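Enquirer: My questions will all concern the structure given below.
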Amino acid sequence: MAQLDVIVIGAGIVGSWAALHALRCGRSVAIADPSPGDGISGRNSGVLHAGLYYKNGSLKAKHCTRGKRLTEQFIEEHPIPILRCGKLVTCGRWGSADAVDELYEKALDNGADELEILQEPGRFFPGVLGARALHSKGTAVIDSAAYLKALHHAIETEGGVLLKGRRYVEGDPQEVTLADNTGACETMSCDMLINAAGLDSDSIALRAGLQGYEIRPVRGEYFRLRKSYPLEKLVYPLPASVMKGAKNDTALGVHYTIHPSGEIYVGPNAVAASSKEDYHITATAEEFADSLGEIIGTAAGPIFTADDLAPGYAGLRPRLFKNGVAITDFVIAESSPGFFHLLGIESPGLTAAASLVEELPFR
Ligand SMILES: Cc1cc2nc3c(=O)[nH]c(=O)nc-3n(C[C@H](O)[C@H](O)[C@H](O)COP(=O)(O)OP(=O)(O)OC[C@H]3O[C@@H](n4cnc5c(N)ncnc54)[C@H](O)[C@@H]3O)c2cc1C
């Protein structure tokens, strides 16, 4: 039976950073995934968040700003498309300008930098509605597929073993069973076993004896803007947590977003998914045009109509509950000595991953 220091379950952004960090701490590492790239890490907005929104003292707040710095460092060393476009959070057509100030204070508390308040942002950025906006100049967008590919390449270059097509079936660090796509099994052992299985991390945690955690997937749907528009800036509404005091709502609101390829997308909304494979787009172009019209438009009315929007793609948020109660932060839990579980790694997981994995005791 092969013996390693660390085995990671799941080669999304989080598992890949766990593997890379373990390697850089001098550990021998294997990382298994039946279909790397098909999880949450392949279906998101690709935004490197500046850390504006998160509750002070939370793991999200702690790791978003540092994770962004570490990710940018990694990107400098690898061929990953990045658009350093910055972002506006506007009170839009209906929101409260004071809530923008509230968000600004929260962002400063979280250590976010390169921020400014803009009065009437439409004077600087065409069509952006609202009396006031928070401008985060350091927010960037990356090609998340290229980012994941570069992480996998780094793992292999630095001596890790990427077990593509291999799925964790059962076991604890003493005896880990993996199966390939034909169902053939092999066993390995390790000192540390890390569950970074994204949407499936709850069922693995439960089988390991960690009671009460449940992931209820929430779909985020995107529409693509069919026409070009001269605004190279991400534009977000105020998040529900600030607007309506909805403390358990972690979605950031339907926003105007640009991919490094230049394509413009609008999304994501938040819809309860029927399963962990439910990627169907159910919202209509009219609904998305209405949401977009709250942040971009003219005094006279909308700039974009439903005809300007085509269905794009959808991703699933791993919304975490414990004993039926929503948990809004990332969770890292140990079910038995050396078996760690990363649960509820939703946004800003892409940004925070490089730093979050430092919570794991590799040293
Ligand atoms: C709509 C949406 C938009 C988002 N936008 C942003 C954003 O702009 N910025 C940001 O910072 N974050 C964003 N996020 C969050 C971010 O995408 C996630 O936090 C991050 O990608 C989670 O990565 P992961 O590695 O935990 O999960 P995944 O990428 O899902 O990786 C888990 C992997 O585990 C594998 N797996 C499952 N079961 C097993 C098993 N039994 N054995 C082995 N492997 C297994 C799966 O195949 C998968 O590849 C967004 C998320 C969503 C849904």
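Enquirer: Would you calculate the volume per residue, in Å³, of the smallest convex hull containing every Cα atom of the chain?
Expert: Dividing the Cα hull volume of the chain by its residues yields 129 Å³.
Enquirer: Output the relative contact order of region 1-56, whole-number percent, from Cα pairs under 8 angstrom with separation of 6+ residues. Don't skip to the end; give the middle numbers.
Expert: Details: 52 pairs, mean separation 19.6, N = 56.
With pairs under 8 Å counted, the relative contact order is 35 percent.
Enquirer: Among Cys185, Cys64, which comes first, then next, by fewest other beta-carbon atoms within 10 Å? Let's see the in-between values first.
Expert: Details: Cys185 13, Cys64 27.
So the residues, fewest neighbours to most, are Cys185, Cys64.
Enquirer: Right, something else. Quickly work out the Glu334-to-Thr187 label distance, labels modelled 7 Å from Cα along the C-beta direction, and quote it in nm with one decimal.
Expert: The two pseudo-label positions are separated by 2.4 nm.
Enquirer: Given labels modelled 7 Å from the Cα in the Cβ direction, how far is it in nm from His78 to Glu170?
Expert: Using points 7 Å along Cα→Cβ, the separation is 3.5 nm.
Enquirer: Over its Cα atoms, what ratio of radius of gyration to 2.2 N^0.38 Å does region 246-363 give?
Expert: Values: Rg = 18.2 Å, N = 118, 2.2 N^0.38 = 13.5 Å.
Working it through for region 246-363, the quotient is 1.35.
Enquirer: Rank these for me by crowding, Val218, Val235, going from fewest to most other beta carbons within 10 Å.
Expert: The order, fewest Cβ neighbours first, is Val218, Val235.
Enquirer: Roughly what angle does helix 59-76 make with the longest principal axis of the chain, taking Cα atoms, 0 to 90 degrees, to the nearest 10?
Expert: 90 degrees
Enquirer: Sticking with this structure for a sec: If I build a Gaussian network model for the chain, linking alpha-carbon pairs within less than 10 angstrom, which residue out of Ser189, Ser136, Ser41 has the largest mean-square fluctuation?
Expert: With Cα springs under 10 Å in the chain, the top fluctuation among Ser189, Ser136, Ser41 is at Ser189.
Enquirer: Taking the Cβ of each residue in Trp94, Trp17 as the centre, tally the other Cβ atoms inside 10 Å and list the residues starting with the fewest. Mind showing how you got there, number by number?
Expert: Working: Trp94 12, Trp17 28.
Ranking Trp94, Trp17 by Cβ neighbours within 10 Å, fewest first, gives Trp94, Trp17.
Enquirer: Beyond 16 Å, what percent of the Cα pairs of region 23-76 remain? Kindly include the intermediate steps, with their values, before the conclusion.
Expert: On the way: 913 of 1431 pairs.
The answer is 64 percent, as a whole percent.
Enquirer: Using the structure shown, list the pairs from Lys55/Lys233; Lys62/Lys106; Lys60/Lys106; Lys62/Lys87; Lys106/Lys137 with a Cα-Cα distance above 23 Å, or answer none. Mind showing how you got there, number by number?
Expert: Details: Lys55/Lys233 25 Å; Lys62/Lys106 13 Å; Lys60/Lys106 13 Å; Lys62/Lys87 21 Å; Lys106/Lys137 16 Å.
The pairs that break the limit, which is 23 Å between Cα atoms, are Lys55/Lys233.
Enquirer: Roughly how many Å is it from the Cα centre of region 346-363 to that of region 200-236, as a whole number?
Expert: So the two Cα centres are separated by 17 Å.
Enquirer: So if I place +1 on the C-beta of Lys and Arg and -1 on the C-beta of Asp and Glu, and nothing else carries charge, what would the dipole magnitude of the chain be about its Cα centre? I want it in debye, nearest 20.
Expert: Working: 34 positive and 44 negative charges, 84 e Å.
My answer is approximately 400 debye.
Enquirer: Taking the chain as the reference, fit the longest principal axis to its C-alpha atoms, fit the long axis of helix 97-109 to the helix C-alpha atoms, and give the angle between the two in degrees, 0 to 90, nearest 10.
Expert: 30 degrees
Enquirer: Excluding the sites themselves, what is the longest stretch of the chain that contains no GluC sites (Glu not before Pro) in a DSSP loop with at most 13 other C-beta atoms within 10 Å? It would help to have the intermediate numbers written out before the result.
Expert: Values: sites that count: Glu77, Glu114, Glu158, Glu232, Glu263, Glu277.
It runs 278-363.
Enquirer: A further question on this structure: Relative to the longest principal Cα axis of the chain, at what angle does helix 144-157 sit, 0 to 90 degrees, rounded to 10?
Expert: In the chain, helix 144-157 runs at an angle near 30 degrees to the longest axis.
Values quoted throughout were computed directly from the atomic coordinates according to the rules given, and no laboratory measurement underlies them. The model shown is predicted, which means the values in this text are computed figures rather than measured ones. In this analysis, Cβ positions are derived from the backbone assuming ideal geometry, glycine residues included, and neighbour counts consider all displayed protein chains.
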